Amino acid sequence: MDQLSMFGEGGKSEGLPQDVLAYTPALFNAHESSTFLGALIADTPWEQRVVKMYGKEMLTPRLTAWYGDENKNYAYTGNRFHPLPWTPALLAIKERIEPLSGVRFNSVLLNYYRDGNDSVAWHADDETELGKQPVIASVSFGQMRRFDIRHKINHDRKYSVRLENGSLLLMKGDLQQHWEHRVAKSTTPMKARVNLTFRIIQ
Ligand SMILES: O=C(O)CCC(=O)C(=O)O
Ligand SMILES: [Fe+2]
């Protein structure tokens with residue numbers, strides 16, 4: 001499904017209305033995006049976390065880092081994150097997206113997809129500390145990757161958005177309650193991508 005038909009005009013798109021997703025391509029220009037990509041890859045203390053999935057311990061198939069206000073801890077797939085302090089680069093990105101998001105974020109999860117083998121499995125960001133209808137702002141730098149969305153109960157209701165270099169995807173409303181999302185592995189070669197999901201921890 002292509003980018004535009006998904007956000008079909010006049011509310012035509014069935015299932016995934018504009019009140020749960022808003023996509024802004026090229027919020028950051030090509031120069032800014034490659035500068036942020038390089039700096040974030042180089043300057044972030046990336047970790048590969050161990051998660052428990054179906055009772056088995058596995059390494060997450062990507063690298064992550066957690067930043068935010070000091071008092072905001074976050075539990076995620078059996079891990080407790082103590083956030084690193086905000087950096088000037090992260091604050092600059094946060095200031096650019098807050099006017100479009102209509103909220104103030106207090107934390108950000110960074111994901112580093114080194115190549116097509118890195119991924120994030122189907123999930124919803126529906127942890128209680130994110131609140132009932134969380135606003136999550138997802139910023140992408142580097143390699144364009146496909147972001148798939150499916151209905152939690154009816155898996156045939158499925159959409160994809162291409163998250164391009166420098167883009168912003170706002171997730172809000174009932175999205176986390178009724179839908180889940182992933183970034184699948186790719187068999188075609190993929191270059192590096194860094195994704196930042198800004199969140200509000202209650
Ligand atoms: O990399 C992405 O676009 C999605 C990341 C994501 O879903 C998450 O961090 O919860
Ligand atoms: Fe997510």
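Read-outs throughout are calculated quantities, based only on the coordinates presented, and are distinct from any laboratory measurement. These numbers come from a predicted model, not from an experiment. Counting neighbours? That spans all protein chains shown, and the Cβs are built from the backbone with ideal geometry, glycine included.
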Can you figure out the FRET efficiency of Thr35 with Gln133, using R₀ = 41 Å and their beta-carbon distance, to the nearest 0.05?
-> 0.75
Using the Karplus curve 6.51 cos²θ - 1.76 cosθ + 1.60 with θ = phi - 60°, work out ³J(HN,Hα) for each residue of the stretch 176-185 in order, rounded to whole Hz, and write x for Gly and Pro.
-> 6, 6, 10, 10, 10, 9, 7, 10, 6, 5
So what is the orientation-averaged projected area of the chain, using the convex hull of its C-alpha atoms, in nm²?
-> 11.3
For the stretch 117-168 and the stretch 169-183, what is the separation of their Cα centres, given in Å?
-> 6
Can you sort Thr60, Thr187 so the residue with the fewest Cβ neighbours within 10 Å comes first?
-> Thr187, Thr60
Put in order of increasing Cβ neighbours within 10 Å, starting from the fewest, Glu180, Glu129, Glu57 give Glu57, Glu129, Glu180
Calculate the spin-label point distance for Arg162 paired with Glu47, positioning each point 7 Å from the Cα along the beta-carbon direction, and give it in nanometres.
-> 3.5
Would you check the chain for Lys pairs whose C-alpha atoms are within less than 24 Å, ignoring same-chain pairs closer than 8 in sequence, and give me the count?
-> 20
Stretched fully, the stretch from Ser119 through Gln202 gains (0.36 nm per residue minus C-alpha distance, one decimal, in nm) 27.2 nm
Relative contact order, percent, the stretch 12-148 [alpha-carbon distance under 8 Å, six or more residues apart] | 23
Can you tell which of Asp174, Asp148, Asp156 shows the greatest fluctuation in a Gaussian network model of the chain with Cα springs below 10 Å?
-> Asp156
